[in-house]
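Please read the structure below before turning to the comments.
Just so it is clear, none of the values below were taken in a lab; they were calculated from the coordinates. Keep in mind that what you see is a predicted model, and the values were worked out from it rather than measured. Methodologically, a virtual Cβ is constructed for each residue, glycine included, from the backbone with ideal geometry; neighbour enumeration extends over all protein chains shown.
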C-alpha cells in the first residue's frame, strides 16, 4: 500500500512504530503536491521545507492542509481574494493551535471561492480548482481546494469551513468524507467571517473514523470564542457500535424536485443499504423544506454585507492610491472584491435597508426559527435525517449558471447550518462523471451518534476498504 492510501490513524501508528519518521512523511506529501497540483490547482501556497512538529503527541508529524480563510502564523490568509492577497496571519486560529499542540504540521493553504461565496471554487481571485475525477468539472465549493487535496492524497486530511454546505458539497463531488460539526462545537476564532451565525470549521478526510479522530482534536476548549460550547466526548468511543434499531427519516422533498436521476438512483440504493443494517427508514413530508434555501440566501447575504464592511481600504484590506480621498473606500471595494462577493454584499445591503428590513430580513429570521423547530422536532423522533448532499452533479468549469441553476447545489445542505445541527457527507456511489455523497444530519451536539451512523453506512456501502476510498482517476496527471 502506498503511504498516501493510509488513514490518519494508520499514519500515526507508522510514525510511533518508527516505520517512517515525520521528515520522510512530510517530504512524501510535499512531492505529491509538486507532482499533482500543477494541473489540479488545489493549493494557493504550500511549504517545501521541513516543518518540525511542535509536540510528540496524538498527531506527531502528520501533515495537513488548511482552507485559506483560516489564520495560521507564517502564512498568508487571502480568503482567495485580491482584497487580502498579501495579508499575513497575525496569529493562529484556535483549530490550528489545537492541531499544532497535538503534533500535526501545516504544509499548505488551499484554494476556495472568494470569502467562501460560491459552490464551485471558481470564484477564487487566483484560479479555478479542477475535480480530480473529471478535469473538465468543478470540485464543488467553497472548500474545493481542501477536498481535492484529500481526495488525491496530497494530504491525509484538511480543514474547511461550512456556511451552507461548503465542506459537504466538495467532499461529495470528490469522493471523500466532509463533516460540518454542530454549531459551537468547534471554535471559529481565527476564521474569516462570511455569515457568523452559520459558519463552522470542520474536517475533510478519507474515512469517517478519521473525521472523528480529527474532531477529537479540534473540538477542545477555546477561551476566545463566546459561541464555543464545551462538550466533552470521545467521538471514536462508540463509532463501531451497531446501528440496528435506529430510526432514520428521509425527507420526501429532497428527491421530488431538482434532483438528477442518477443521484436519485444512488440515493435509493443507499437507503436499501441502511435497511440491510437494521435501520428503519421512514419517508416524511416537510412542506416548508424548500423555504430553507431562500432563507439561507437572505440571511447569509445580510451578514456578509455587515461582516465585509470592514474591508474599506482604511481599516482592513488593500489601499489603492487615489487623489480622490472621498471615494478611496469605494475604489478599494470595487477593485478588491470579485463579482460574486459584490453581488452578495449589494443583495445583503438591500435586504437590511430600512424599506426592506421587515419584508426580507426579519421575515427570514422568523422562517429560520420555524424551520429549526421543525427539524429539531423530527430529530426527537428519529436518530438521523438523510438526503442526497446535492441534487445535481458537478457542472463543467466555466459554466455560466443563473441563480435557479445554482440552487440545487446547496438546497439540501443549508438547512443544517440554519438549525446549527451536525451533518456529514459520505460517498454513496458514482454518476457517469464523479462520485456523489449521502448526507446524514443529527440533533445538535449528537455528533457522536451522527458519526456512528455514518461509519456503519460507510462500511456497508461498498466503497470502504481497509480505511480508505479508491483513488480518483487522475486523467493526464502523472502519479507521484
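Estimated from helical segments only, the mean residue ellipticity of the chain at 222 nm is -10500 deg cm²/dmol, where each DSSP H run of four or more residues counts as -39500 (n - 2.57). With both labels modelled 7 Å from their Cα along Cα-to-Cβ, the residue 365 to residue 430 distance reads 4.9 nm. Please label the shape of region 179-260 as rounded, prolate or oblate, based on the square roots a ≥ b ≥ c of the eigenvalues of the alpha-carbon gyration tensor (a/c under 1.5 means rounded; beyond that, a/b larger than b/c means prolate, else oblate). The shape class here is oblate. Residue separation of residue 126 and residue 49 scaled by 0.36 nm, minus their Cα-Cα distance, works out to 25.4 nm of gained length.
Expressed as a rounded percentage, what relative contact order does the chain have, with Cα pairs under 8 Å and six or more residues apart?
19 percent
Across region 96-253, the mean sequence separation of Cα contacts (distance under 8 Å, 6 or more residues apart), normalised by length, yields a relative contact order of 18 percent. Computed over region 347-386, the quotient of the alpha carbon radius of gyration and 2.2 N^0.38 Å is 1.63. Here the peptides 153-159, 141-147 are ranked by packing, the mean other Cβ count within 10 Å, and the order with the highest first is 141-147, 153-159.
Classification of region 124-224 by its C-alpha gyration tensor yields an oblate form. The axis ratio a/c (a ≥ b ≥ c) is 1.5 or more, and b/c is at least a/b.
Between the alpha-carbon centres of region 113-135 and region 210-266 there is a gap of 25 Å. Calculated over region 290-367, the projected area of the Cα convex hull averaged across directions stands at 5.7 nm².
Look at where the Cα atoms of region 422-450 and of region 269-335 average out, and the two centres are 21 Å apart. Calculated over the chain, the projected area of the Cα convex hull averaged across directions stands at 21.5 nm². Taking a ≥ b ≥ c as the square roots of the eigenvalues of the Cα gyration tensor, region 5-106 is oblate, since a/c reaches 1.5 or more and a/b is not larger than b/c.
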